[in-house]
1. Any lysines with Cα under 20 Å of the B:K146 Cα? List them, leaving off those in the same chain fewer than 8 positions away.
2. Mind giving me the nanometre distance, one decimal, between the label points for A:L34 and A:H486, set 7 Å out from Cα along Cα→Cβ?
3. Do any residues of region B:101-138 show a loss of at least 50 square angstrom of accessible area between the isolated chain and the full protein assembly, using a 1.4 Å probe, and if so which?
4. Counting only Cα atoms, I'd like the Rg/Rh figure for region B:88-156, Kirkwood definition for Rh.
5. Expected output is a single nm value to one decimal: the length gained when fully extending between A:K25 and A:L696, i.e. 0.36 nm times separation in residues minus the C-alpha distance. What is it?
6. How high is the FRET efficiency from B:Q68 to A:E125, r the C-beta distance, R0 41 Å, rounded to 0.05?
7. Per residue of A:12-20, how many C-beta atoms from partner chains lie within 10 Å of its own C-beta, taken as a mean?
8. Compare each residue of region A:94-129 in its chain alone against the assembly with all protein chains, and report those whose accessible area goes down by 50 Å² or more; 1.4 Å probe, heavy atoms.
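The values are calculated or read from the model by the stated rules, or taken from the named source; none is laboratory data. Being a predicted model, the structure only gives us computed values, none of them experimental. All Cβ positions, glycine included, derive from the backbone under ideal geometry; neighbour counts span all protein chains shown. Side chains are part of the model used for accessible areas, which takes the heavy atoms of the whole protein and leaves out ligands, DNA and RNA. Shrake-Rupley method; radii C 1.70, N 1.55, O 1.52, S 1.80 Å.
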Amino acid sequence: MTATAVRGIGMPVKRKEDPRFIRGKGTYVDDIKLPGMLFMDIVRSPHAHARIKRIDVSKALAMPGVIDVITGEELAKANLAWMPTLMGDRQMVLPTDRVVYYAQEVAAVIATDRYTAADAVLAVEVEYEPLPPVLNPFEALKPDAPLVRPDREQKSNHIWHWEAGDKEKTDRAFQEAEVVVAQDLYIPRIHVASIETCGCVANYDPATDKLTIWMTSQAPHAHRTVFSLVTGIPEHKIRIISPDIGGGFGGKVPVYPGYVIATYATLKHKKPIKWIEDRSENLQADSFARDYHIHAELAATRDGKIRGLRVHVVADHGAFDAAANPSRFPAGLFSVCTGSYDMEAAHIQVDGVYTTKPPGGVAYRCSFRVTEAVHTIERMVDLLAHELGMDPAEIRFKNFIQPHQFPYKSPTGWEYDSGNYPAALQKALDMIGYQELRREQAERRARGELMGIGISTFTEIVGAGPSHTFDILGIKMFDSAEIRVHPTGAVIVRIGVQTQGQGHETTFAQIVAEELGIPVEYITVEHGDTDTAPYGLGTYASRSTPTAGAATAVAARKIREKARLIAAHLLEVSPDDLEWKDYAFRVKGAPDRYKTMQEIAFAAYTNFPFGLEPGLEAECYYDPPNLTFPFGAYVCVVDIDRGTGQVKIREFLAVDDCGTIINPMIVEGQIHGGLTMGMAPALFEEIVYDENGTMLTGTFMDYLLPTAVETPHWKTAKTVTPSPHHPLGAKGVGESPTIGAPPAIVNAVVDALSHLGVRHIDIPITPAKVYRILQEKGVAE
Amino acid sequence: METLPIQVTVNGRTYTAEVEPRLLLVHFLRDVLNLTGTHIGCDTTSCGACTVLWNGRPVKSCTVFAVQVDGGEILTVEGLERDGQLHPVQEGFWEEHGLQCGFCTPGMMMTAVALLNENPDPTEEEIRKAISGNLCRCTGYVNIVKAIQYAARKMREGATVHVGGA
Ligand code: FES
Ligand code: FES
């Protein structure tokens with residue numbers, strides 16, 4: 001068997017999932033239709049903070065086609081008015097007495113069709129007594145601030161305080177430092193806005209006493225466990241199916257009230273219930289990302305050697321702490337904010353705060369606050385370069401963790417697995433022609449034109465995670481794979497992670513193809529059905545390849561070990577006389593005597609050695625020994641229009657290193673998409689509230705996703721530094737570009753304006769913001 | 001609620017139905033005809049996930065009432081493949097990795113079909129402009145542009161005698 005026949009690791013295999021999608025034959029949740037299905041729609045709060053005085057459902061209930069209106073009072077009787085969040089907080093499913101954010105779920109209508117349900121929503125009368133909103137986390141921390149969560153024992157809006165690093169050592173580094181730069185950075189609230197919104201079809205079948213929920217879920221098993229704990233239904237009586245998912249990016253990790261209400265409704269009415277969000281509901285009420293108010297300081301020597309980093313963050317978590325971080329990391333992996341740079345000390349503090357805004361602090365295509373961390377350090381390094389009059393590339397080379405320092409212990413306690421940062425940056429600078437660009441910039445500047453070059457050399461941290469440190473609600477963050485080789489050598493693989501566009505059906509098949517020497521077209525990958533897939537923690541935080549990818553490789557290797565025994569039996573040699581080479585077991589010294597996996601598979605069911613169990617199957621629950629640390633070097637070139645303040649990305653080069661690449665075509669696609677989702681918050685996207693807490697960016701008319709016109713033609717390149725602890729050397733890539741791109745863009749814009757005295761601009765860098773700066777500096781046209 | 005009779009040809013097949021005047025074309029296609037390949041991604045006519053061809057022109061079917069297309073011809077993603085042969089645009093999206101989650105894909109492809117019917121040799125800029133009413137959150141558009149270029153080449157070479165349109 002040749003590599004071209006097997007099409008295993010490293011091959012640009014066309015995606016196995018595409019034939020159904022390009023024919024319009026995918027099955028997304030709204031495509032599911034069951035006999036007798038009813039539709040649910042949700043009444044939402046027009047206030048950010050209010051007491052509910054009265055809910056009158058009589059008019060709605062009287063409408064033809066309306067079956068039921070469910071309120072918090074009713075749910076409370078079933079002990080379902082509140083549910084736990086993945087962060088160990090609790091969240092209202094439906095309120096009994098008060099609402100705490102704009103567009104919060106207030107009641108749910110069940111009707112025979114979606115139009116009637118929508119009509120009935122308007123007929124539900126709710127009387128509110130508005131309370132003062134709490135919108136700014138600094139205000140929220142003041143002693144006289146209105147309490148967002150009077151249900152808690154602690155009578156303040158402070159949720160938690162979290163620290164990492166060594167305070168004393170860091171303070172000392174600052175005392176001794178020759179140079180200190182400090183900056184406030186705000187990373188605004190944004191929304192993943194996958195093109196498919198969230199929804200579910202919940203169906204309780206009394207005949208089998210089984211509850212099946214098709215749900216836009218990035219983590220079906222974890223959700224099944226949560227549902228079982230919340231409802232008291234035994235876990236084997238709950239089946240959660242993630243059908244085709246129209247993009248996730250973290251927004252489909254949390255459990256939303258709609259899922260729980262639909263589940264309650266199907267249990268009550270014994271009919272399937274469909275609930276599908278509108279886009280505006282999705283933007284207004286689903287979990288947001290970011291909303292970090294950061295104060296950062298960097299200490300250095302006068303010749304540009306970084307000594308220490310000190311960061312304090314006030315994190316706005318909205319009304320419920322419904323993020324999905326591992327239990328021990330309420331601020332996610334923010335403490336990776338020392339980045340790619342070697343320094344003596346760092347000290348990080350984060351305070352989580354409640355406000356009357358939608359709950360969350362979940363991802364936006366980023367694993368656990370790494371975007372915020374990278375933005376901080378990459379901006380601070382540029383600020384230091386400006387302060388010292390150094391080139392931003394030079395200061396990075398000077399401070400990089402060097403290749404020989406790996407495994408590298410960071411001052412906040414992470415052990416970086418592998419990296420070669422100087423090589424990646426050098427490659428990026430050479431490819432883009434950095435020196436030439438600097439010359440051009442000087443010329444343009446002399447002519448009054450505004451051109452900037454921005455660099456970001458980020459380190460990502462993914463693959464959560466090792467069981468000694470990582471769990472969600474106590475469930476350790478392993479992942480799993482199960483492989484069955486059928487008698488004819490065809491294979492089914494079931495994995496504990498769930499694709500939302502990443503192409504798992506293809507890449508996981510390639511892993512098995514490579515390990516077993518079976519052509520990729522004979523391998524089917526299944527996932528997302530809790531009745532059939534092994535338990536896993538789901539897909540987010542770029543964890544699929546580092547965790548389930550490893551599990552798949554290990555399971556395949558278990559199969560290979562059994563196959564060795566069968567091959568020895570068939571070839572009548574000792575297992576030790578065999579070697580696995582060119583996708584077959586070959587007799588050492590006589591490579592023409594061999595057995596392929598297909599032959600072995602058949603024998604596993606027809607002619608297995610005496611004493612060996614028949615069949616050829618294996619599973620693996622993989623507990624990763626460490627996280628993986630992908631990295632990259634990005635260079636962005638921008639031109640700024642002095643007449644409009646518009647930033648145009650002229651060129652963007654991304655050099656990524658994600659270790660071993662399983663499918664280069666898919667990796668490149670992930671990078672293109674990730675870069676676009678990095679550019680989006682850098683230049684366009686922001687969730688904005690007015691002074692009453694009403695969201696002003698609640699539709700795609702005001703929340704601006706980049707179109708093909710604003711998006712540049714991304715250029716990509718790679719270096720390959722395998723992870724030493726991952727069975728395949730792979731590290732994960734989905735989120736690197738979303739993390740690496742924003743500071744490259746901001747650094748480029750600030751670079752374009754630096755000669756005017758500009759040192760920092762908060763994202764999103766809108767034309768209006770830039771134009772105001774140009775006016776202030778007297779260079780607007 | 002009062003209903004009106006309509007007759008509409010979808011993917012070459014003629015249907016008659018009684019529909020509420022407010023029924024959106026996208027719901028008619030998805031819920032009445034079970035053609036669920038056409039998706040819904042927004043409520044402000046912004047995303048283009050619902051794009052279909054109405055008498056050969058691309059429209060956002062979330063912003064057309066089913067009664068408006070009475071007597072007309074609609075082409076949806078399900079009608080692109082003919083006699084087991086993928087449309088060059090479908091082929092291009094597969095070949096060039098022009099899709100990830102696949103949710104925007106049907107609408108994106110319908111817009112591409114309309115573009116190529118009108119302009120068989122578009123520049124990259126023309127392609128980007130043509131698809132600017134279709135949002136994709138996954139791909140970053142680079143490969144979508146390549147997919148449409150692939151289809152354009154293929155259609156110009158006449159490898160398939162297939163012009164789209166119902
Ligand atoms: S559904 Fe978004 S434009 Fe029609
Ligand atoms: S492929 Fe997911 S939105 Fe375009």
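1. Within the straight-line limit of under 20 Å, B:K146 reaches these lysines: A:K14, A:K16, A:K715, B:K129, B:K154.
2. Taking the simple label geometry, A:L34 and A:H486 are separated by 2.8 nm.
3. B:C101, B:F103, B:R128, B:L135, B:R137
4. 0.91
5. Taking 0.36 nm per residue and subtracting the Cα distance, the gain is 238.0 nm.
6. After rounding, the FRET efficiency stands at 0.75.
7. 3
8. Relative to the lone chain, where solvent access is computed with a 1.4 Å probe, region A:94-129 loses at least 50 Å² at A:R114, A:Y115.
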